[in-house]
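The values are calculated or read from the model by the stated rules, or taken from the named source; none is laboratory data. Predicted, not measured: the structure shown is a model, and the values here were computed from it. Note that we place each Cβ from the backbone using ideal geometry, even for glycine, and neighbour counts take in every protein chain shown.
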Amino acid sequence: MTIHALLSQQHRDCDLLFEHCRLALQDGDWPAAESAFGQLHQDLIAHIMLEEQQLFPAFEQATGQVQGPTAVMRLEHDWMQSRLARIPEQLQQRDATAALALLADVAELLAQHNRKEERVLYPWCDHLLPELATRLGASA
């Protein structure tokens, strides 16, 4: 399995969880929204950690680019995590409007972020670091 295939699948899995959470919020199904968000949060944070602790350092070491694409990706990860951290409060308060707005903000940035990773970073990593795919697959 390639880095691109492995991490792109994680993106798609998170996209499905975003959709489950959004639909549950729209339906007022709070238990389903909380469950979907909990899984989404867990999976997205695990994905981010995999990238930040393994993929990005390997890429930076191979290319010498520390202030390049991985720096931008880390900033976007931080922004997404700060928004995600606010959603549990909205769920607890049963404020679907606020939760949906935050979820939409994160989903929009995540879509742009994922396109950059899938079109540029992952193919580049597959070319530079083919052996890393095995380690990432074992960590995922």
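What to note about this one:
- All positions within segment 92-112 that are surrounded by 14 or more Cβ atoms within 10 Å (Cβ to Cβ), charged (D, E, K, R) and either closer than 21 Å to ALA46 by Cα or in contact (Cβ under 8 Å) with a residue 40 or more places away in the chain (or both): ASP105
- Given (1) outside any helix (DSSP H, G or I); (2) within 25 Å of HIS127 (Cβ to Cβ); (3) of a type outside the set (S, T, N, Q), index of the condition ARG94 fails: (2)
- Residue selected from segment 72-91 under the condition without any contact (Cβ under 8 Å) to a residue 12 or more places away in the chain and not aliphatic (A, V, I, L, M), by the criterion farthest from GLY28 (Cα to Cα): ASP78
- Qualifying residue in segment 61-69 (condition: modelled with pLDDT of 95 or more, assigned to a helix (DSSP H, G or I) and crowded, with 16+ Cβ neighbours inside 10 Å): no
- Scanning segment 29-39 for residues that are free of Cβ contacts under 8 Å to residues at least 40 places away in the same chain and assigned to a helix (DSSP H, G or I) yields a count of 6.
- Restricting segment 72-91 to residues that are hydrophobic (A, V, I, L, M, F, W, C), closer than 28 Å to CYS125 by Cα and surrounded by 13 or more Cβ atoms within 10 Å (Cβ to Cβ), the residue that is nearest to the chain's Cα centre (by Cα): MET80
- Single match in ARG22, ARG12 (criterion: surrounded by 15 or more Cβ atoms within 10 Å (Cβ to Cβ), in a helix (DSSP H, G or I) and basic (Lys, Arg)): ARG22
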